[in-house]
Amino acid sequence: MPKNIIRLIVFITKTKTQKVGTLAIRDKKIYFEYDKAFLKTGIELSPYKLPLKAGLFVCEDDTFEGLWGLFNDSLPDGWGRLLMDRHLMGLGVNPNSLTPLDRLAYVGQYAMGALSYEPEKDTLDLGLDEIVLDDLAKSSEEILEGSTDSMVDELLALGGSSGGARPKVLVQLSSDHKEIVHGKQKLKEGFSHYMVKFASSQDSREIGAIEYAYSLMVKEAGLEMPCTVLLEGKKGKYFAVERFDRVGDAKVHMHTVAGLTHSDFRFPTLDYDDLLRLTLHLTKSIVEVEKMFRLACFNLFAHNRDDHAKNFSFLMDESGEWRLSPMYDITFSYGPGGEHSTMYLGEGKNPTKKNLLALATKHGLKNAMNTIDEVVSAVQKWKEFGRLAGVSRKNIESISQIHQKVLENH
């Protein structure tokens, strides 16, 4: 049985790599200390739960198994954690014996965002040249069903650091969208970093086309969306989205609301009131608050109810300035019990325009009615976007009917 990691060095890499500090574990308690040189930068990577100051921090919060949200954002959950556990069992390692530091060591330099961890454990370099999406989709489905562990290592190497329940891989995609290569290499000329998603066992077979149609609708609603494309295999269509935590090969520091505030995304504890207040406090920009309000409007009218704390993120630039990230994980969905994961001034089951206007008034947003009208106008074009994405008539109609029910409440 391999020894547990007791100490990890944390680095941040944007255009260059810099030591952030040291993580350590003792008697099941996790400690962290910032590097003296990093303290001089004045850069607050996680201002609320791990503020930039000298001395030894101990994590007394058990939201993320005793780990700070800053580092927990580097860890896979859902699909990525399943792959990691299956891979480790194949090596004869009991996943339950791992500490959060062990898991960070397995992620190493391939975390989402800009952080990395040394020493690394068990790096996988499979040298995959040709990537066949149909094969990966089929293996993902079989792994979820528990019928095989075929291609676990390949899938882990391609996407084991990503979060979320749906299977996904991190790749490089050519500008004409015709060539796909392994993501874990220096960025090839004419390529960009992308994430490609597959259906989970609970998803409609058309989930890729539906999410692509939603990405078009998001842009129409005036929200920032990365480049998206619907890739066609012989056996299915796969949603691909450009990664916003990469600019070329440079890394961008990102932090989810779950990680920033230590909110357990598995439980509906957030309110859009909290998100608007957090956005203003973190970004100091009313423009960013207006973006978050527009997103709240979109999630309501487009029936995206899986709007939990990990589906909102902020990005930090070289100077330490924060902004709301581009949109992600936005599609037709139901939340816990059919309600929104994030409430609208206490209303999660049937929020209406009245809740939105009250939210806007509370936060001093003056153009709320215009924002609502623009978002509603975009959602009313759902059928057009559904057809463009090749969604079946049946799914276009059923989603349209639910949109209409939501709009009728207004």
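The values are calculated or read from the model by the stated rules, or taken from the named source; none is laboratory data. This one's a predicted model, so the numbers in the text were calculated from it and none came from an experiment. Neighbour counts run over all protein chains shown; Cβ positions are idealised from the backbone, glycine included.
Scanning region 174-208 for residues that are within 19 Å of the chain's Cα centre (by Cα) and touching a residue at least 40 places away in the same chain (Cβ under 8 Å) turns up Lys184, Ser192, His193, Tyr194, Met195, Val196, Lys197, Phe198, Ala199, Ser200, Ile207. If you go through region 18-47 and keep only what is more than 23 Å from Phe314 (Cβ to Cβ) and of a type in the set (S, T, N, Q), you end up with just Thr22.
Is one or more of the residues making up region 96-107 of a type outside the set (A, V, I, L, M), touching a His at 6+ places or on another chain (Cβ under 9 Å) and not in a loop (DSSP other than H, G, I, E, B)?
Yes, some residue in region 96-107 is of a type outside the set (A, V, I, L, M), touching a His at 6+ places or on another chain (Cβ under 9 Å) and not in a loop (DSSP other than H, G, I, E, B).
Which is assigned to a helix (DSSP H, G or I) and under 23 Å from Ser285 (Cα atoms), of Leu357, Leu407, Leu388, Leu365?
Leu357
For region 217-265, give me the residue count where each residue is within 14 Å of the chain's Cα centre (by Cα), closer than 27 Å to Lys186 by Cα and either surrounded by fewer than 21 Cβ atoms within 10 Å (Cβ to Cβ) or not β-branched (Val, Ile, Thr) (or both). So the answer is 12.
Quick one: would you say Lys188 is in contact with a strand residue (DSSP E or B) (Cβ under 7 Å, 6 or more places away or on another chain), within 30 Å of Asp135 (Cα to Cα) and crowded, with 16+ Cβ neighbours inside 10 Å? No: the conditions fail for Lys188. Selection over region 11-38 of residues that are of a type in the set (A, V, I, L, M) and either part of a helix (DSSP H, G or I) or outside the structural domain of Asn96 (by TED's automatic domain parsing) (or both) gives a count of 1.
For region 343-352, the set of residues classified as touching a residue at least 40 places away in the same chain (Cβ under 8 Å) and touching a helix residue (DSSP H, G or I) at 6+ places or on another chain (Cβ under 6 Å) consists of Tyr344, Leu345, Pro351, listed by residue number. Checking the conditions here, which among Lys29, Lys14 is over 30 Å from Gln202 (Cβ atoms) and free of Cβ contacts under 8 Å to residues at least 60 places away in the same chain? Answer to the selection: Lys29. Pick from region 269-281 the residues that are touching a residue at least 60 places away in the same chain (Cβ under 8 Å) and crowded, with 21+ Cβ neighbours inside 10 Å: which of them is farthest from Glu374 (Cα to Cα)? Taking the candidates together, the pick is Leu270. If you go through region 374-394 one residue at a time, do you hit one that is more than 24 Å from Met292 (Cα to Cα), surrounded by 14 or more Cβ atoms within 10 Å (Cβ to Cβ), modelled with pLDDT of 95 or more and of a type in the set (Val, Ile, Thr)? Among the residues of region 374-394, at least one is more than 24 Å from Met292 (Cα to Cα), surrounded by 14 or more Cβ atoms within 10 Å (Cβ to Cβ), modelled with pLDDT of 95 or more and of a type in the set (Val, Ile, Thr), which makes the answer yes.
For every residue, the table says whether it meets (1) part of a strand (DSSP E or B); (2) crowded, with 21+ Cβ neighbours inside 10 Å; (3) on the phi > 0 side of the Ramachandran plot.
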position: Val287; (1), (2), (3): no, no, no
position: Phe293; (1), (2), (3): no, yes, no
position: Leu300; (1), (2), (3): no, yes, no
position: Gly320; (1), (2), (3): no, no, yes
position: Thr331; (1), (2), (3): no, yes, no
